[in-house]
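Bear in mind that the values in this text are calculations on the coordinates, not laboratory data. Note that the coordinates shown come from a computational prediction; the quantities given were computed from them, not determined experimentally. Counting neighbours? That spans all protein chains shown, and the Cβs are built from the backbone with ideal geometry, glycine included.
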């Protein structure tokens, strides 16, 4: 019995710890866990106008980090975003998708304007100084890393998540682009 007592007390402690974690960490019915994803930014759009996150408040919107020299992920994701916006129909008429360029050295407003002309016009390109872009990346808890390639060239590793932000600039969830555009649009409409 002496040897079993420590095991019994340990088991009781584990159960109590599990109950405490469940009570403290699982949101109660009707409550939504808050997130610190997103935040203030000041950037320049593809038309050369200075904008902040407040310019996109008032309507749900999407945020995606990328760069114009991206060989595959960025153009594919931007096309998928455009397809979802089209599939939303009238519900997506005023929705914007912010394409925040993580390569401010090459992604000038003019470069963004030219690049984004191939995609849905509701996709807005944003760039800025390296410090401004870094602040936006940090606010969205994204990842960016410049990776040297041949010679003086480089590529950018970056988060490929598409953030759904509500009308108050609060993070809702990530957009699931693994499904057909109409199914993703239906999920997005429910999340808005």
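Some points to look at:
- Sorted fewest first by neighbouring Cβ atoms within 10 angstrom, 93, 170 come out as 93, 170.
- R0 of 45 Å, Cβ-Cβ distance residue 178-residue 152: FRET efficiency to nearest 0.05: 0.80
- Mean separation of Cα pairs under 8 Å and 6 or more residues apart, divided by the residue count, gives the range 42-191 a relative contact order of 32 percent.
- Where the alpha-carbon atoms of the range 42-191 are placed on the principal axes, they occupy 46, 30, 27 Å, in descending order.
- In this rough spin-label picture, where each label sits 7 Å from Cα along the Cβ direction, the residue 167-residue 114 distance is 3.9 nm.
- With 0.36 nm allotted per residue and the present C-alpha distance subtracted, the residue 79-residue 159 stretch has 27.1 nm of extension available.
- Cβ-based exposure ranking for 146, 168, 96, in which fewest neighbours within 10 Å come first: 168, 146, 96
- As a rough footprinting exposure proxy, the listed residues 172, 124 were ranked by other beta carbons within 10 Å of their own, and the order from fewest upward is 172, 124.
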